[in-house]
Each structure stands twice: as structure tokens, then as C-alpha cells.
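Presented below is the structure to which this report refers.
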Amino acid sequence: MSRTADEIATQPDLWRRAAQLAHDVADLLPDHGQDVCIVGCGTSLYMAQAAASLRESAGQGRTDAFAASEMPEGRRYDVLVAISRSGTTSEVQSLLRRPPAARSVVITAVPDSPVAEVADGVIALPFADETSVVQTRFATTALTLLRTHAGDQNAAAADAERALTMALPVDPTAVSQWTFVGRGWTVGLAQEAGLKLREAAQAWTEAYPALEYRHGPISVSGPGSVVWSFGPLDPALAREVRAVGATVVDLPLDPLASLVVAHRVAVALAESRGLNPDTPRNLTRSVVLSGDALAVLS
């Protein structure tokens with residue numbers, strides 16, 4: 001079994017731990033009513049997008065999410081929350097050195113990392129760290145922490161236990177194209193699912209807000225393609241997906257637990273193609289820039 005598969009299997013227990021931790025670190029996280037920005041890169045960006053949507057929809061205050069490299073000039077916030085598994089990501093370090101907020105906090109698996117050194121506060125999740133290049137459990141554990149802080153008392157961990165043992169909803173080797181869709185906070189999950197299958201299995205994946213599917217993406221759907229919804233798919237849209245010959249995946253699970261199933265699909269597809277999901281080609285555990293690549297962040 002791959003290290004990635006082992007790490008995927010630990011998620012239910014880690015989510016429960018993160019939900020408890022959320023109460024212990026509440027003073028480091030944004031207060032109700034504060035203006036907040038959440039940033040990250042790659043998988044952490046998609047968790048930031050999900051967390052921002054959850055917080056704002058809960059009425060806790062304006063909450064934006066950006067790639068750490070794409071913070072608009074002139075924006076100011078009460079709190080900047082940065083998500084970085086390794087704590088070494090160059091774009092996050094650069095932003096934290098000139099934070100657009102009165103206070104910054106980083107959520108990381110490595111509490112003595114460079115990112116942690118330049119943040120005002122640190123929430124450490126070393127118990128969720130990973131050896132695999134591909135992120136799974138750290139990202140979902142960080143999101144669970146922020147989801148709990150936003151007041152979402154969910155049953156995701158119990159559903160994730162089901163997600164680890166249920167049959168895969170499709171035979172991944174029979175799928176030629178994957179489209180992941182969501183609404184609200186689950187748009188970030190859709191983006192993350194697409195990234196996981198691209199990274200681990202070199203699959204053709206796309207991700208969109210669900211109602212954007214009709215605005216072009218439906219043109220690539222047909223027999224051999226899957227449209228996977230995080231959260232219930234609108235029945236009318238599901239009919240349109242099936243009408244073009246594509247398969248609908250709409251699991252009766254908490255959307256974060258549905259992402260666990262997507263993690264398992266990514267590993268299964270990688271292994272069926274003779275790929276090692278732990279070490280995807282052209283990728284490293286963290287993107288650390290130097291030279292001209294680093295200069296663009298100045």
C-alpha cells in the first residue's frame with residue numbers, strides 16, 4: 001500500500017482531533033465580525049476558498065480567499081490566515097513579510113518553519129503532517145479546524161469512515177475524463193478533487209461551480225466521462241449530464257467525506273497506470289523559489 005493511501009485512511013480520527021483543537025486555539029482565529037483573508041497555494045488555496053465561503057455564509061464577516069501570489073494591492077483586513085503544510089512555500093513567506101492585515105496567523109504542520117517565524121500566531125497540526133508529496137490529510141484537517149470555528153458542527157468524520165470502506169462509485173480505469181462540481185464552499189473541494197487526480201494519476205480533470213457546467217464544460221462530457229458533485233446535484237442538471245451519456249457521481253455523504261472517496265480514486269487510478277501516487281512527476285513537497293522566480297514576488 002502507498003504512503004498516500006495510509007495517510008488517507010487516518011482522516012476521520014484527525015478531523016475529530018482538529019474539531020477539538022478548534023476550541024483550544026479560538027483566540028488565534030478570527031473573531032466574529034472581523035474582515036478576514038485566507039491564503040494558500042495549490043491544495044491549500046482550495047481549502048482557503050472552502051473555508052472562506054463557509055465563514056462568510058455563516059454570517060461571521062467578510063472573508064476573501066486568494067492564492068498567496070495574487071493578493072490585490074491595497075486590500076486591508078483585520079486578520080490574514082495562511083495555510084501552508086510545510087511552512088516553506090515562497091509565496092506565503094513573501095506575503096507574510098508584508099501582511100495586508102493587522103494580524104496574521106499560519107496553520108501549518110511544521111511549527112518551527114520559516115512561515116511560522118514571520119507570522120504573528122501559529123496553529124500547529126504536526127499530527128496531520130504527511131510524507132507523501134500529494135496532500136490529503138493535512139489539508140482536510142486544516143479545513144475541519146476552520147469549518148468548526150465557523151460554527152459548522154458536522155458529521156464529516158463518521159461519513160469519512162464510510163468513505164474509506166465503501167465501494168468506489170465508478171471503475172476509474174473506465175473513465176476518460178473527470179469533471180468535479182460544487183456549490184458554495186464545495187467549489188473548493190471540487191477544485192481539490194480535480195487537482196488530486198491530475199497530480200497522482202495524470203488524469204484529465206476539470207472543476208467548476210455546478211451551474212457553470214452548462215456554460216461550456218458540458219461540451220466535453222459524454223460516454224466515458226464522469227461528473228462528480230460535492231453535495232446534492234440539481235436534478236435538472238443531473239438529467240442533462242445523463243442525457244449526454246456521462247455518469248453522475250452524487251454520494252450521500254458529507255462533501256468533505258466525498259473528497260476522501262476522490263482521494264481513494266486518485267490512488268487507485270495511479271496504481272492502475274503503474275504510477276507511484278506518493279511521488280508524482282515534476283512535483284515536490286513544497287515549492288521554494290529562488291533567483292528570477294523569487295524576484296517576481298518582491
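The values are calculated or read from the model by the stated rules, or taken from the named source; none is laboratory data. Quick caveat: nothing in here was measured; it's all calculated off a predicted structure. Quick reminder, even Gly has a Cβ in these numbers, built from the backbone with ideal geometry, and neighbours come from all protein chains shown. What goes into the accessible areas is simple: the full protein's heavy atoms, side chains included, and nothing from ligands, DNA or RNA. Shrake-Rupley method; radii C 1.70, N 1.55, O 1.52, S 1.80 Å.
Based on what the data block shows, is Ala190 open to solvent by 20 Å² or more (accessible area, probe 1.4 Å) and either free of Cβ contacts under 8 Å to residues at least 60 places away in the same chain or of a type outside the set (A, V, I, L, M) (or both)? The answer is no for Ala190. Out of Ser94, Ser86, one residue alone is at pLDDT below 95, buried (at least 17 other Cβ atoms within 10 Å of the Cβ), of a type in the set (S, T, N, Q) and assigned to a helix (DSSP H, G or I). It is Ser94. Selection over segment 30-82 of residues that are under 15 Å from Val187 (Cα atoms), of a type in the set (S, T, N, Q) and in contact with a strand residue (DSSP E or B) (Cβ under 6 Å, 6 or more places away or on another chain) gives a count of 2.
The residue list Ala163, Ala116, Ala102, Ala157 contains one member that is at pLDDT 95 or above, within 18 Å of Leu29 (Cβ to Cβ) and not in a loop (DSSP other than H, G, I, E, B), which is Ala102. Based on what the data block shows, is Thr131 under 20 Å from Thr186 (Cβ atoms) and not small (Gly, Ala, Ser)? When the stated conditions are applied, Thr131 does not pass them.
Selection of segment 111-130 for residues being crowded, with 20+ Cβ neighbours inside 10 Å and either under 14 Å from Asp78 (Cα atoms) or out of contact with any Gly (no Cβ under 8 Å at 6 or more places or on another chain) (or both) yields Ala119, Val122, Ile123, Leu125, Ala128, Glu130. For Thr108, are the conditions met, namely being open to solvent by less than 30 Å² (accessible area, probe 1.4 Å) and either in contact with a His (Cβ under 6 Å, 6 or more places away or on another chain) or free of Cβ contacts under 8 Å to residues at least 60 places away in the same chain (or both)? Answer is yes for this residue.
Do we find a residue being assigned to a loop (DSSP other than H, G, I, E, B), aliphatic (A, V, I, L, M), surrounded by fewer than 20 Cβ atoms within 10 Å (Cβ to Cβ) and modelled with pLDDT of 95 or more anywhere in segment 230-237? No, because not a single residue in segment 230-237 is assigned to a loop (DSSP other than H, G, I, E, B), aliphatic (A, V, I, L, M), surrounded by fewer than 20 Cβ atoms within 10 Å (Cβ to Cβ) and modelled with pLDDT of 95 or more. As a summary of the residue check, Ile38 satisfies the conditions (1) in a helix (DSSP H, G or I); (2) under 18 Å from Leu125 (Cβ atoms) except for the one numbered (1).
Filter segment 12-49 down to the residues that are polar (S, T, N, Q) and touching a residue at least 40 places away in the same chain (Cβ under 8 Å), then identify the one that is surrounded by the most Cβ atoms within 10 Å (Cβ to Cβ).
Ser44
For segment 50-79, a tally of residues being surrounded by fewer than 24 Cβ atoms within 10 Å (Cβ to Cβ) and part of a strand (DSSP E or B) returns 7.
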